[in-house]
1. Could you derive backbone 3J(HN,Hα) for the stretch 16-22 from the dihedral phi with the Karplus parameters 6.51, -1.76 and 1.60 (θ = phi - 60°), listing whole Hz in sequence and x where the residue is Gly or Pro?
2. So what's the net charge close to Y57: Lys and Arg +1, Asp and Glu -1, counting the other residues with Cβ under 15 Å from its Cβ?
3. V198's amide H: which non-local residues (gap 5+, or another chain) put their own amide H closer than 5 Å, with H modeled 1.01 Å from N in plane and none for Pro or chain starts?
4. Place the peptides 74-81, 111-118 in order of packing, highest mean first, counting for every residue the other Cβ atoms within 10 Å and averaging per peptide.
5. Tell me what the chain gives for mean residue ellipticity at 222 nm when only DSSP H runs of n ≥ 4 count, each as -39,500 (n - 2.57), the sum divided by the residue total, rounded to 500 deg cm²/dmol.
6. Under a no-solvent Debye model with one identical scatterer per Cα of the chain, what's log10 I(q)/I(0) at q = 0.08, 0.11, 0.18 Å⁻¹?
7. Could you let me know the centre-to-centre spacing of the stretch 33-74 and the stretch 159-190, using Cα atoms, in angstrom?
Amino acid sequence: MTETSERIARRSVDKFAQRRAELAESALQALSELGYARTSLREIAQKSNFSHGVLHYYFTDKVELLTYAVRKFEEVCVTRYDEVVAMARSAEELERGFGEAMAGTLRADAVMHRLWYDLRNQSLFEAAFRADVLEIDTQRQAMIWRVVERYAELADASPVVTQQVAYAAFDGLFQQALLHHLADGLAEDAGSLLRRLVS
């Protein structure tokens, strides 16, 4: 293959990837309004500027589309607290910053978080989702553990729970706040929970 044909092939791949990203973003509105079970590719097409045929060209089915959309969001999400962790100079500062960051993402990205929980629930019934969900869950768990470990270090303490328990606790707290639209109380609750996980 010549250098020119390689460049053309690479540009073609880039355009395909860019188009998939645009379609996935466009699909999120329909998915967020109706949820996974009640949304078909046809309904997604009706709520976007793309035809049903175009969606089918870029995605085999709504399983692939939803997984792709959530994965794109997760690329940003799993590093969401890293800056707070890096900037904190005291346990109190990390506690406050982490709580505010959790509440902030609940307010700003509630739609995507609902889709994540929907996808995770669907993975209990649809094997097609399971590997992706487990991988994303592992990344989220590591994200939370980075916060807990740094908090313990700043507090001159040690975590009193495992990585899995810490993640389950924060995940449950976040999901409850999402369900009840309680972003304001989440910041304080997250800080309080963080204090309880180290000793």
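Readers should treat all values here as calculations from the given coordinates under stated rules, not as data from a laboratory. These numbers come from a predicted model, not from an experiment. Using ideal geometry, Cβ is built from the backbone for each residue, glycine included, and neighbour counts are taken over all protein chains shown.
1. With coefficients 6.51, -1.76 and 1.60, one gets 4, 5, 5, 5, 4, 5, 4 Hz.
2. Working: positive: K15, R19, R20, R42, K62; negative: E22, D61, E64.
In short, +2.
3. V160
4. Working: 74-81: 15.6, 111-118: 17.6.
With the highest mean Cβ count within 10 Å placed first, the list reads 111-118, 74-81.
5. Working: 10 runs with 158 residues, N = 199.
The helix-only estimate for the chain comes to -26500 deg cm²/dmol at 222 nm.
6. -0.34, -0.60, -1.17
7. Measuring centre to centre over Cα atoms gives 29 Å.
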